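Below is one structure, written out as structure tokens, with a few remarks after it.
The values are calculated or read from the model by the stated rules, or taken from the named source; none is laboratory data. Note that the coordinates shown come from a computational prediction; the quantities given were computed from them, not determined experimentally. A quick note on method: Cβ atoms are made from the backbone with ideal geometry, for glycine too, and the neighbour counts reach across all protein chains shown.
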Amino acid sequence: MRWNRENAVSPVVGVMLMLVVTIIIAAIVSAFAGGMGSSQEKVPQVTLKAEYSISDGMKIYHNGGDSLTVGDFKILLSPSNNFDNSESRTYINEIDQSIIQNGPNPSSANWFRSNNGGREVFRFSPGDIAYINATNSNTETLTPNMIYNGANYGINQTSKVGATFFLDFVTKDGKKIARIEVPIQS
């Protein structure tokens, strides 16, 4: 009697093992490559406060968090539920950043130059205060979308004292940075 001993693994099992090892290596490589390609930019985190007075204009305080690069975000103004009728609450206005200054004086630097669009202020950082003077807080300049059929629905009317509006700071692609509810004062 003769015994045939075969100590080697059959060729089919060997091919299957090599295939499994190749698939695992390919999955690991693709997982690392996929993670490197999708580097999403983090949305800044800030704490803001704002005050609005019909007679004095608006002040926006940067109370903490990340510095914001002027021009890399939008400021949207929209009436709140207690503002007026439901139609006026649908008006959303993007604030023109060329009317924002870094100081209360008329000679203070504007965030943007209105004539050529270049920046005069590059960052809105913790401790900074942004100003929109009373002249630029009129409906035509600050909230032009709130004039409808000749009627003024803007925030600078004495009938709106006590009502509120929202300031939304958003990235250029629409991701929300901060939302502030601002009371209207005389």
May I ask you to verify whether ASN133 is closer than 26 Å to PRO44 by Cα, modelled with pLDDT of 90 or more and of a type in the set (S, T, N, Q)? no
Starting from the stretch 94-119, take each residue that is under 20 Å from THR139 (Cα atoms) and list its partners that are at pLDDT below 90 and hydrophobic (A, V, I, L, M, F, W, C), counting only C-beta distances under 9 angstrom and pairs at least six apart or across chains. ILE95/LEU142; ASP96/LEU142; ILE99/LEU142
Counting just the residues of the stretch 176-186 that are surrounded by fewer than 17 Cβ atoms within 10 Å (Cβ to Cβ) and outside any loop (DSSP other than H, G, I, E, B), which one comes out nearest to the chain's Cα centre (by Cα)? LYS176
Out of the residues in the stretch 148-175 that are assigned to a helix (DSSP H, G or I) and not small (Gly, Ala, Ser), which is farthest from ASP72 (Cα to Cα)? THR158
So how many residues does the stretch 127-139 have that are within 16 Å of ILE54 (Cα to Cα) and either in a loop (DSSP other than H, G, I, E, B) or free of Cβ contacts under 8 Å to residues at least 12 places away in the same chain (or both)? 3
Could you look through the stretch 90-123, keep only residues that are in a loop (DSSP other than H, G, I, E, B) and crowded, with 19+ Cβ neighbours inside 10 Å, and pick out the one that is modelled with the lowest pLDDT? TYR91
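Given the structure, is SER186 at pLDDT 90 or above and farther than 29 Å from GLY64 by Cβ?
Working: at pLDDT 90 or above: yes; farther than 29 Å from GLY64 by Cβ: yes.
Here the answer is yes, as SER186 does meet what is asked.
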Residue list for the stretch 116-147, restricted to those being touching an Asp or Glu at 6+ places or on another chain (Cβ under 8 Å) and hydroxyl-bearing (Ser, Thr, Tyr): THR141
(1) in contact with an Asp or Glu (Cβ under 7 Å, 6 or more places away or on another chain); (2) within 23 Å of ASN63 (Cβ to Cβ); (3) of a type outside the set (Phe, Trp, Tyr): which one isn't true of ARG113, the others all being true? (2)
